[in-house]
Amino acid sequence: MSLKKTIDRIRNLKIQGAENVAKEAVKSLREVVKLSKAKSVSGILADIYHTKNLLFLSRPTEPCMRNALNYILYDLNYDDPIELANAVCLKVDDVLERFDKNQKIIAQIGSKKIRNGTIVFTHCHSSTILEILKQAKKQGKQFEVHNTETRPLYQGRITAKEVAKLGIPITHFVDAAARFALKKADLMLIGADAITTEGKVINKIGSELYAEIANKYDIPVYACTDSWKFDVETVFGYEEEIEIRKGNEIWKNPPKGITINNFAFEKVNPSLITGIISELGIYKPHIFIQEIKANNKWMFRKHLF
Ligand code: RUB
């Protein structure tokens, strides 16, 4: 797929979910490097940095994509243009393998939270949550899923279809009925788009509201995520309103005089989160941040920003 097409598809949410966005972005960088007409190291690097900047802008709320691209760019010290291009392609393969491997680890850990008879509540569409459910099913567990439609773009329908395809019973609720969906649930599992430096989980709008309801009913809440969702740049602060999308996603032609707020994401307070499940294990949000810092030192290199 061309870089332009990938960028359009990320912007229009045809490619959605943090890990899918990151994977498609790195594949796109590989394509640019393979097709680059540059004959010198500086020429290829210029193509790489230009591509990276365009991809960063395609969905600025996705640190997983930024981390994946930064990882590829970090320590690229080559004098030969062919060696440089090959190194980028190998690093892309590394990153793709890493995401798949980590999702399998997260699925192993997360599936332990599901027992026979468990009702899992989830919101939006997360490839990580899907992998956990798939793993629990593979282990022969009999359980059910409750999920929300996730207006305005109905990513919950993607989840519902994929869960049903796995042969797991699923009950689908409108967003406003989440209290009913949660009341009978035993476990809330959500994905994450970002983890802030304060340990807040950023995920689809509604996530904090549902976590509050889950807390009220003593239902454990786990955010399930690759550690590369950590957003180093929150060091510089993250606005309260994250990714405000076009109003016409909610109401195509509203009468004059109506303001539409279409917030795509929200922060979930760490106090509402029982644990963050990642490839590093299960940790309370503040410990998770310490683990990320210890395991991903390259992320903190200033030149990457
Ligand atoms: C998707 C969403 C997902 C996270 C995690 O929002 O909020 O829960 O991205 O997904 P959108 P994954 O549809 O707006 O991208 O676990 O696949 O990374």
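Considering only residues of segment 266-292 that are out of contact with any Pro (no Cβ under 8 Å at 6 or more places or on another chain) and part of a helix (DSSP H, G or I), which is surrounded by the most Cβ atoms within 10 Å (Cβ to Cβ)?
F288
Looking at the structure I just gave you, is D100 out of contact with any strand residue (DSSP E or B) (no Cβ under 6 Å at 6 or more places or on another chain), more than 13 Å from the ligand (Cβ to nearest atom), acidic (D, E) and without any contact (Cβ under 8 Å) to a residue 24 or more places away in the chain?
Taking the combined requirement at face value, the residue does not satisfy it.
Name the one entry in D79, D47, D94, D8 that is under 26 Å from K293 (Cβ atoms), out of contact with any Asp or Glu (no Cβ under 9 Å at 6 or more places or on another chain) and outside the structural domain of I202 (by TED's automatic domain parsing).
D94
Within segment 1-57, track down each residue that is of a type in the set (K, R), assigned to a helix (DSSP H, G or I) and within 13 Å of the ligand (Cβ to nearest atom).
R9, R11, K23
Taking segment 183-213 only, how many residues are part of a helix (DSSP H, G or I), crowded, with 24+ Cβ neighbours inside 10 Å and either more than 15 Å from the chain's Cα centre (by Cα) or on the phi > 0 side of the Ramachandran plot (or both)?
2
What is the number of the single condition among (1) more than 16 Å from the ligand (Cβ to nearest atom); (2) in contact with a helix residue (DSSP H, G or I) (Cβ under 6 Å, 6 or more places away or on another chain); (3) assigned to a helix (DSSP H, G or I) that I114 does not meet?
All conditions pass for I114, except number (3).
The values are calculated or read from the model by the stated rules, or taken from the named source; none is laboratory data. Remember, it's a predicted structure, so these values are computed and weren't measured experimentally. As a convention, Cβ positions derive from the backbone with ideal geometry for all residues, glycine included, and neighbour counts pool all protein chains shown.
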